[in-house]
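The structure appears right after this line, and notes come after that.
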Amino acid sequence: MSRILIVEDDDAIATGLALNLKLAGRPTAIARDGEEALKSIEAEDFALVLLDINLPKRNGLEVLSALRAADNLVPVIVLSARDGEFDKVAALRLGADDYVTKPFALAELLARIEAVLRRVSHVVHAPVATSHGDHLQFADVTIDLAQRVVTRGGNEVKLTHLEFELLVFFVRHPSQVFSRTQLFHLVWGQSAGSVRTVDNFVGQLRKRFEANPEQPRHFITVRGSGYRFDP
């Protein structure tokens, strides 16, 4: 079983998380600063990273940005004592899979970890069935479901796990309106969550696949209802 990397400079929090994850059957490793975290992730394929924002040498957002810039899509849950909207939005836009504010309930954090790991496992192992074999397509975008590769105009577009899942869900359900709550349930596997989370992920898809993200052609906001995908 791949390990979970805990990136946390507070010894009490780091060792406490490691102990509880061990009791839950999840092996761990610990990095104490941002530079050590990047070196650890380069050297080992982790199942998931728990990433604190306030770190020595390089902060968590810098670490996350460096990972995604290097096309490393390891699932990341950001931990932060700051509950301001700016940090949450920044983390999600950089490709975080979830954001948890300190102090957190241990049971909730463990549940969020399992939810992210389930989503990743489902994407990797679940059989894919579509009327077009292993590919989906709209406009100049092609989605290779088997290889998890997305191209636009022949150029590869790198997506995080959740961005890929949301894109595939929309393309498989054209012209249907889904509320944010429905998207949380069907894509995130959660009963509810922050409205801003869905909005930010849709915003990322618009940036990557719309000719004009300010006037979207494919990822449409339905006022008062949610979102609709138009091929």
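The values are calculated or read from the model by the stated rules, or taken from the named source; none is laboratory data. Here the structure is a predicted model, which is why all the values come from computation and not from measurement. Quick reminder, even Gly has a Cβ in these numbers, built from the backbone with ideal geometry, and neighbours come from all protein chains shown.
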Considering every residue within segment 145-156, establish whether at least one is modelled with pLDDT of 85 or more, in a loop (DSSP other than H, G, I, E, B), in contact with a strand residue (DSSP E or B) (Cβ under 9 Å, 6 or more places away or on another chain) and closer than 21 Å to Gly95 by Cα. yes
Assuming Arg148 fulfils every condition listed in (1) basic (Lys, Arg); (2) more than 20 Å from Arg118 (Cβ to Cβ); (3) within 15 Å of the chain's Cα centre (by Cα) apart from one, which condition is it? (2)
Per-region count, segment 25-54, residues within 20 Å of His161 (Cβ to Cβ) and either of a type in the set (A, V, I, L, M) or not assigned by TED's automatic domain parsing to the domain that holds Pro103 (or both): 8
Positions within segment 54-86 being closer than 14 Å to Val7 by Cβ, in contact with a strand residue (DSSP E or B) (Cβ under 9 Å, 6 or more places away or on another chain) and either modelled with pLDDT under 85 or among the acidic types (Asp, Glu) (or both), in sequence order: Ser80
Among the candidates Lys102, Lys39, Lys57, Lys22, residue that is within 27 Å of Phe201 (Cβ to Cβ) and not hydrophobic (A, V, I, L, M, F, W, C): Lys102
Quick one: would you say Val89 is among the β-branched types (Val, Ile, Thr), at pLDDT below 90, within 15 Å of the chain's Cα centre (by Cα) and under 24 Å from Phe209 (Cβ atoms)? yes
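If a residue counts only when it is touching a residue at least 60 places away in the same chain (Cβ under 8 Å) and among the aliphatic types (A, V, I, L, M), which helices (runs of 4 or more DSSP H) contained entirely in segment 157-221 have at least 2 such residues?
Numbers: elements: 161-172, 180-183, 195-209.
Those helices (runs of 4 or more DSSP H) span 161-172.
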What's the total number of residues in segment 106-136 that are modelled with pLDDT of 85 or more and of a type in the set (A, V, I, L, M)? 7
